[in-house]
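Please read the structure below before turning to the comments.
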Amino acid sequence: MEKERKKKGPRISLRFKWTFFITTVVFFIYVVFSTTVLYFVSSSMLKNEVNTIKNAVSAVSSRFEDSEQLLSKRIVNDKVEGLSDAGYQDTLVEQLKRSNLQVLLTDINNQTLYKTQDIKIDSKKTDSLKITKLYKNSNIDSLAGSAPIKSTKTGEIIGYVTVNNKMSEYHRTIRELYYELIPNAVFILILSAVSGFIFASFVLRRLKLINNTIKDINESPDSDARIPHQSQNDEITDVAEQFNEMLDRMQQYANQQKEFVQDVSHELRTPVAVVEGHLKLLNRWGKDDPEILDESLSSSLQEINRMKNLIQEMLDLTRIEQPDNQFSNEITEVKPMIKQIYNDFKVLHPEFIMNFDDDIRGEAWVKIYRNHLEQIIIILLDNAIKYSKDRKEVNLAISRNENYLEVAIQDFGVGISADDQDKIFNRFYRADKDRSRQSGGNGLGLPIARQLVKNYQGFMYVESVVGSGSVFRIELPLQNKKD
Ligand SMILES: Nc1ncnc2c1ncn2[C@@H]1O[C@H](COP(=O)(O)OP(=O)(O)O)[C@@H](O)[C@H]1O
Ligand SMILES: [Mg+2]
């Protein structure tokens, strides 16, 4: 095989591609979703934590702001620790501790007056409340809020308060979220990979059925393997059905070809055998016997003539079976033409009573190539004459309705049985082989006529009673005006 094969890339199964694609998409969606959730949770919690600091700062400030003096260790101790068992003051510190807040109080010189144990940040002198974020490894770790304490009496700054918020609630929630989201991510990854794989396998199994059938057909083109019926109704089913139909058509076509060749060889066998017989006869002793010579030559010529006709008819049939548009625009005025054929037949068969019944006023144009219509009518008239017996009469009638021309050809001959009426349009079929053969028939006349009528979107019918005669009718579309 010299055929140059198209270079193919490395083979990657659809199963893998689909699985990969679905997994990636699902995972991507999950990551986007998780990030969004994380972002909103953390930013709203952060807001809460900032509020906590603000509240704590103002709560601490309000504890001292009624003092006129600058803050000192004594005042602070009095207000915070000195009165530790005196109820509400204590509640403040406790409250702060409980909310995980650390407090640092400094005087106006930034000297520490009070701090909860674990505080690690420095105080800042500021004019107003300032919130700072403290980072660890580029993640927010804690928040610090610093504010001046102003005496409500003097309006002067008497000290500073700094509150540190370690945000343990925030960190815990974020951590928990991570613990939820990351295992879920793995789960989703596996789930989407598995479902993608199953889905792909499912679709591929059906493609595989198609592939198997194609392989079978490739191995033995005559095999009647077909893609099994699909219970789903989707695009793959469409492909499968179309493919099956195509196979049916192709095999039907191939069978027809085969039959045709068989039929043709069969048809040719008899005339060839007859000619051969005569030639042998002549070869042996006929050369010198003018009587045998004469008879053999004329018989052989007759057979050769048959073969010639047969070949011509087969050619005609094959040609018209291939739709071509060569004559599709031809139109023909039928009346004079049919009249002409009628006259010819009358001359050729003087023993027949021929009637012509013309029901059409004016002209009648039909979309058909003149020679083709001629051929159809000759085939039918020829049969009518050939298959007449005692009553030698043939009626030819033309009429029209709005859209169609109708031609009817009637004889009173042998007729055709109901069974045969279905078969006479098949190639080489002859109800009475001998009779047909004697009159030079090959069984191709009606198939040719019918194919021609079909090519021009017409119809053809037969009505017949055995022993009484037959009527063949054809209908052909009329062209209303010659334009
Ligand atoms: N007018 C008819 N009356 C009776 N039988 C007919 C008539 N026309 C056709 N047939 C039958 O149909 C068969 C096929 O016709 P046709 O295709 O013209 O082939 P052929 O005339 O070569 O035998 C004929 O052999 C004959 O048996
Ligand atoms: Mg015929």
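The values are calculated or read from the model by the stated rules, or taken from the named source; none is laboratory data. The shown structure was predicted, so the numbers you read here are calculated from the model rather than taken from an experiment. All Cβ positions, glycine included, derive from the backbone under ideal geometry; neighbour counts span all protein chains shown. Keep in mind that these areas ignore ligands, DNA and RNA; they rest on the heavy atoms of the full protein, side chains included. Shrake-Rupley method; radii C 1.70, N 1.55, O 1.52, S 1.80 Å.
Listing for the model above:
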item	result
Reach of Lys7 by Cα under 19 Å, taken over lysines that are not fewer than 8 positions away in the same chain	none
17 Å Cα-Cα reach of Lys47 towards aspartates and glutamates, excluding residues that sit fewer than 8 places from it in its own chain	Asp141, Glu169
q = 0.15, 0.31, 0.33 Å⁻¹, the stretch 255-297: log10 I(q)/I(0) [Debye, one scatterer per Cα]	-0.48, -0.95, -1.00
Stokes-Einstein translational diffusion, the stretch 332-479 - Kirkwood Rh over all Cα pairs, 0.890 mPa s, 25 °C, in µm²/s	159
Added length on full extension, which subtracts the Cα-Cα distance from 0.36 nm per residue, Asp420 to Phe33	131.7 nm
Enclosed volume per residue, in Å³, of the convex hull spanned by Cα atoms of the stretch 235-320	71
Degrees separating the helix 88-98 axis from the principal Cα axis of the chain, which is the longest one	40
Share of carbon and sulfur in the accessible heavy-atom surface of the chain [1.4 Å probe, %]	53
Test item: Cα-centred dipole of the chain, Lys/Arg +1 and Asp/Glu -1 on Cβ, debye	2940
In Å², nearest 10: area of Tyr179 left accessible to a 1.4 Å probe	150
Sum of side-chain charges, Ile341 neighbourhood, beta-carbon under 12 Å (Lys, Arg +1; Asp, Glu -1)	+1
All-pairs alpha carbon distance profile, the chain, 10 Å steps from 0, percent	3, 12, 13, 10, 8, 7, 6, 6, 5, 5, 6, 7, 6, 4, 2, 1, 0
Alpha-carbon centroid distance for the pair the stretch 196-219 / the stretch 324-344, whole angstrom	55
Nearest-ten-degree value, helix 14-64 long axis tilted from longest Cα axis of the chain	20
Set of aspartates and glutamates near Lys339 by C-alpha distance (under 14 Å), chain-local residues within fewer than 8 positions excluded	Asp357, Asp358, Asp359, Glu363, Glu374
Per-residue SASA entry for Ser299, accessible area with 1.4 Å probe, Å² rounded to 10	30
Rounded to 5, percent antiparallel among DSSP beta bridges of the chain	90
Unsatisfied cross-links (Cα-Cα over 26 Å) in the set Lys389/Lys454; Lys280/Lys386; Lys79/Lys153; Lys367/Lys392	Lys389/Lys454; Lys280/Lys386; Lys367/Lys392
Size of the stretch 14-177 as Cα extents on the principal axes (Å, biggest first)	82, 32, 24
Where GluC sites (Glu not before Pro) fall in DSSP loop in the stretch 345-447, at most 15 other Cβ within 10 Å	Glu351, Glu363, Glu402
The stretch 129-206, Rg to Rh (Cα coordinates; Rh as Kirkwood inverse mean 1/r)	1.49
Gained length - Asp344 relative to Leu297, 0.36 nm times residue gap less alpha-carbon distance	13.9 nm
Solvent-accessible area per residue, Å², over the chain with all protein chains present [probe radius 1.4 Å]	63
